[in-house]
Amino acid sequence: MVVVMSPEASNEQIEAVVVRVRMTGGEAFVSRGRHRTIVGLVGDLDDFRALNLRGMPGVADVIAISTPYKLVSVDHQPERSTVVVGVESGAHPVMIGPGTFTLIAGPCAVESLEQTLEAAEMAKAAGATVLRGGAFKPRTSPQAFQGLGKTGLHILAEVREVTGLPVVTEVIDAADVGLVSSFADMLQVGARNMQNTALLQAVGAAGKPVLLKRGIQATVEEWLMAAEYVAQRGNLDIVLCERGIRTFETSTQTTLDIAAVPVVQRQSHLPVIVDPSHSAGRRELVLPLSRAAIAVGADGILVDVHPDPESALCDGPQALAGADVRELASTMRKLIPATGRHLGSPSPVGM
Ligand code: PEP
Ligand code: MN
């Protein structure tokens with residue numbers, strides 16, 4: 001059940017709802033959106049019905065929901081959300097959501113200042129408005145490059161300063177959420193950690209927008225429940241990212257579930273983007289899958305670019321460079337307007 005507070009509801013009125021719910025042994029999670037506050041209830045529906053929450057001061061509506069996720073569902077918020085990235089860091093803030101198509105691009109891993117800066121300039125020239133780059137890398141093999149850690153975060157901040165691009169970077173350990181959020185504009189939770197509930201709760205409480213990748217074994221419903229963990233900590237600034245799932249097919253690293261985009265959009269108000277790089281694992285498939293993402297109505301794509309993919313310490317075979325990046329840019333310029341959107345440009349500073 002979700003209690004929707006009226007826009008004028010006072011903190012005392014919100015607190016009174018929480019107290020009344022907890023008196024029945026139920027749980028109440030307050031989520032403060034930009035326009036209104038909602039309280040998600042977990043517990044016995046019949047007990048909640050007996051509370052007459054609808055009659056309480058400041059309550060606009062009470063909605064019974066039967067899905068295992070509430071705050072992220074279209075039932076409590078039918079209009080699609082916009083997530084704003086980069087408001088506090090001095091970068092050019094970016095809006096991800098309806099009406100725009102956002103290119104997030106950058107190196108898989110931050111390797112050096114020069115490499116990250118070059119990748120960021122390539123990304124920006126192609127129309128990217130958000131820079132990606134991993135400082136903490138969740139690698140399948142413990143022998144593989146694990147990222148530069150804190151040094152990588154400093155590099156990302158420096159590159160943001162030079163390019164104006166807000167930065168999304170992955171956090172793989174709940175203990176690092178404070179550190180990573182002191183540098184990043186957006187926190188990425190990777191496929192391997194989609195069901196790490198302690199991490200989801202920690203990023204939910206950090207007050208930064210979250211990019212939540214789909215786990216390679218996760219159903220859409222499990223993915224939305226993971227988003228709900230973040231939302232329950234009071235953070236609805238979540239962008240979902242479809243990055244492929246494991247199937248019997250071996251010609252691609254994972255199978256891009258392109259249908260997941262419209263499926264999610266029917267269930268959730270959150271923006272959803274596609275990662276053609278990590279799903280395919282092959283450079284030559286990034287452009288065709290990007291076209292599919294635009295056509296299917298995704299809110300953006302996340303693409304690996306690298307100034308010298310041959311020497312990349314991480315995921316070189318999927319990174320775009322040179323002419324491939326230019327072709328992606330020209331394809332986007334042609335196709336995005338045909339779907340009634342425009343290539344995301346930074347929103348006016350101060351937004
Ligand atoms: C990444 O984006 O760098 C990454 C590790 O992706 P995923 O979690 O989707 O494998
Ligand atoms: Mn990668």
* Structure fact -> The lone condition P142 fails out of (1) within 15 Å of V303 (Cα to Cα); (2) assigned to a loop (DSSP other than H, G, I, E, B); (3) without any contact (Cβ under 8 Å) to a residue 60 or more places away in the chain is (1)
* **Failed criterion for V19 (all others in (1) touching a residue at least 60 places away in the same chain (Cβ under 8 Å); (2) surrounded by fewer than 21 Cβ atoms within 10 Å (Cβ to Cβ); (3) aliphatic (A, V, I, L, M) hold)** => (1)
* **Failed item, numbered, when V325 is tested on (1) in contact with a strand residue (DSSP E or B) (Cβ under 6 Å, 6 or more places away or on another chain); (2) within 16 Å of ligand 2 (Cβ to nearest atom)** => (2)
* To do: Could you grab the pairs with beta carbons closer than 8 Å, sequence gap of 6+ or different chains, first residue in the stretch 265-279 and without any contact (Cβ under 8 Å) to a residue 12 or more places away in the chain and within 21 Å of A321 (Cα to Cα), second one away from ligand 2 (no atom under 16 Å from the Cβ) and in a loop (DSSP other than H, G, I, E, B)?
  => none
* Which of the residues that make up the stretch 120-145 are over 17 Å from the mean Cα position of the chain (by Cα) and either away from ligand 1 (no atom under 13 Å from the Cβ) or among the polar types (S, T, N, Q) (or both)? -> A120, E121, M122, A123, K124, A125, A126, G127, T140, S141, P142, Q143
* Which ones in the stretch 15-43 are assigned to a loop (DSSP other than H, G, I, E, B) and either within 31 Å of the chain's Cα centre (by Cα) or assigned by TED's automatic domain parsing to the domain that holds P209 (or both)? -> G26, G33, R34, H35, R36, G43
* Check P317 against each of (1) under 23 Å from the mean Cα position of the chain (by Cα); (2) surrounded by fewer than 18 Cβ atoms within 10 Å (Cβ to Cβ) and name the one condition it does not meet. => (1)
* Structure fact -> Within the stretch 232-253, restricting to residues that are of a type outside the set (D, E), under 12 Å from the mean Cα position of the chain (by Cα) and away from ligand 2 (no atom under 16 Å from the Cβ), the one that is farthest from G33 (Cα to Cα) is L240
* Asked: Taking the stretch 291-314 as the region of interest, how many residues are buried (at least 20 other Cβ atoms within 10 Å of the Cβ), away from ligand 2 (no atom under 16 Å from the Cβ) and closer than 15 Å to E327 by Cα?
  -> 1
* To do: Could you please give the count of residues in the stretch 280-289 that are in contact (Cβ under 8 Å) with a residue 40 or more places away in the chain and either among the hydrophobic types (A, V, I, L, M, F, W, C) or under 29 Å from P68 (Cβ atoms) (or both)?
  => 2
* In the stretch 147-163, how many residues are out of contact with any Phe, Trp or Tyr (no Cβ under 7 Å at 6 or more places or on another chain) and crowded, with 17+ Cβ neighbours inside 10 Å? -> 6
* Asked: Among (1) touching a helix residue (DSSP H, G or I) at 6+ places or on another chain (Cβ under 6 Å); (2) more than 23 Å from A319 (Cα to Cα), which single condition is S182 missing?
  -> (1)
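The values are calculated or read from the model by the stated rules, or taken from the named source; none is laboratory data. Small disclaimer: the values here were computed from a predicted structure and weren't measured. We place every Cβ from the backbone using ideal geometry, glycine too, and count neighbours over all the protein chains shown.
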